[in-house]
1. Tally up the carbon and sulfur contribution to the accessible surface of the range 489-540 as a whole percent, 1.4 Å probe, everything protein left in place.
2. Quick one: compute the contact order of the range 307-402, relative version, from alpha carbon pairs under 8 angstrom and 6+ residues apart, as a percent.
3. Rank these by accessible area, largest first, 1.4 Å probe: LYS365, LYS116.
4. May I ask you to order 245-256, 342-353, 149-160 by the average number of other C-beta atoms within 10 Å around their residues, highest value first?
5. Under 18 Å from the 7 Å Cα→Cβ point of ARG46, by amide nitrogen: which residues of the range 103-132?
6. Before I look further, what does the range 410-531 give for accessible area per residue, probe 1.4 Å, in whole square angstrom?
7. So for the range 63-139, averaging the separation of alpha carbon pairs under 8 Å that are six or more residues apart and normalising by length, what relative contact order in percent results?
8. Tell me the label-point distance for the pair ASN7, ARG225, using the 7 Å Cα-to-Cβ offset, in nm and rounded to one decimal.
Amino acid sequence: YFSLVCNFMSHEKCLKNVKIPCSCVAPSIVRVPVAHCFGPPGHYKRKFCTVCRKSLESPAFRCEVCELHVHTDCILFACSDCRQCHQDGHQDHDTYHHHWREGNLSSSARCEVCKKTCGSSEVLSGMRCEWCGILAHAACYIIVTPECTFGRLRNMILPPSCVQLFSRNFSKLHCFRISENLQTEADEDDDIDGSTQGSGKEVQISTDSSKQTLKIFDGNDAVKRNQFRLISVPRIAKNEEVVEAALRAYYINDDQQEYELQTFTQQALLSDDVINRNDAAEDSNLGSVFRESVPEAWIIRAKPKDEEVIRIYPAWLKVGMAFVSLRVNKDSTAQTVIKEVLPLLGRQMECFQNFKLVEVLMGSKQVQRMVLDNQELILNRLKDIRKTSIRQMNQTRFYIVENSKSIVRVNLFVGGLPPQLSPEEYTNILKDELAIKTNVVSMSHVYQAQGAVVLEISCFSEAERIYMLVKDTTVNDKPLHAVVIPEVVASKIPQNCCPLLVFVNPKSGGLKGRDLLYSFRKLLNPHQVFELTNGGPLPG
């Protein structure tokens, strides 16, 4: 058997043992959404893409924190299931489960359960915990005890529950102090050139004279960015066949009857006129919807609904209940959803005004959160998301969150200042050069000999402004540099644990620094690893 969506292959007799989720449903089973940290594209031999499961024959991306590998045109579909390396105020917990990643194991890898070989260099197979390194077959890992003890390196690993970092809009590169000069120019995952969105195999299929290649956009955002996927369909094809192929290209497993295609014209974008609404023609099943003279570009649109069933996730981690399903109609607002959900979660005695509904977009590079207004109509919000991007709808969740006065505290290390100055002199320099706001910025540490300070900032926007401004600021013709540093809660570190502190100089050792940094970040908590060319050893 062969999956037409994610290219998964299985013997017929093995189907009953398949436990690996398809790429189209992977976002729905993520326990805690955590964005990935992608470095520059590179060539990786004998590695496979986690999304489409094909070999990485062309330049591809690799997460610097976990073992995720993806093609450049698959990165948009990678779900945010990276390792949770620190607590950030969202679904924090002290007990950690195995963090399983499929495939890209060595051929000699052996299963911890049955002791047989579980790795392969030919296909994506086998499972590995990215914390303790335990290996298992896809059919065996489900019987492994879920709690992870961090394996043989447990006494060297800095436990994630001991690290706090309130990052909000800081990218993962900033959080883990990874040099941005390693990044390619396309810093946002949404800025990949649209011409790469169709895979080579799809383009080759279109050379068949009996087929035609169509550009498919999944919403207004894709049109603006010129991001499309290429599909190959027969020159005489029914509407349902093309819609199904278009959904498959975007890893959408919904019923194709819920979608329709729209011609790619500016007028169509403005008016929402949708093609193929002649019910009589569809009922008769005569002729084709797509002929040789049709436009080459189309947009997938979701048909309007009078009611839907949505999933609401509790922001507090509750064992045995990942989410609750709720039916919403045209009158349902964020407030009415909160009122209906609380009894289902066993909190019917609490006041609904103490909660809020949060929309979470689980992008591969960034997890974005937005609090919905109490009077926001849920069906209208779903319609807006789908109009922007069908793909984004598949990566969007709704969480019910308790209102709490969270304390914002961002620690920013600023180096490159003149040495041997007093704290007052450093404050004056930062006021003059960075226009810091003293009501939300304080100086928690001063390192006079090194000419460095640590700023404690109680406002996210001010922390982000200072961080970006420091990179373009010089003092006495010497450039300043800033590093985001986490807060380590020493009282939570186990008694028998002595976390290793790793410094790597990427300019020495035969220029193998990047590989060393990647290996240490993968084996340990990335917050333990410091690159000497990015702020020196003092932040560590």
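1. Details: 1640 of 2770 Å².
Answer for the range 489-540 is 59 percent, counting heavy atoms of protein chains only.
2. Details: 156 pairs, mean separation 33.7, N = 96.
For the range 307-402, the relative contact order is 35 percent.
3. Working: LYS365 35, LYS116 130 Å².
Output order, biggest surface exposure first: LYS116, LYS365.
4. Peptide ranking by packing, descending: 245-256, 149-160, 342-353.
5. Once the point is set 7 Å along Cα→Cβ of ARG46, 103-111, 117-128 turn out to lie under 18 Å by backbone N, inside the range 103-132.
6. Working: 6180 Å² over 122 residues.
Accessible area per residue, the range 410-531: 51 Å².
7. Numbers: 111 pairs, mean separation 19.0, N = 77.
For the range 63-139, the relative contact order is 25 percent.
8. Placing both labels 7 Å beyond Cα along the Cβ direction yields 2.2 nm.
The values are calculated or read from the model by the stated rules, or taken from the named source; none is laboratory data. Model, not experiment: these values are computed from the prediction. Cβ atoms come from the backbone with ideal geometry, glycine included; neighbour counts cover every protein chain shown. Areas reflect the complete protein model, heavy atoms only, side chains present, ligands, DNA and RNA absent. Shrake-Rupley method; radii C 1.70, N 1.55, O 1.52, S 1.80 Å.
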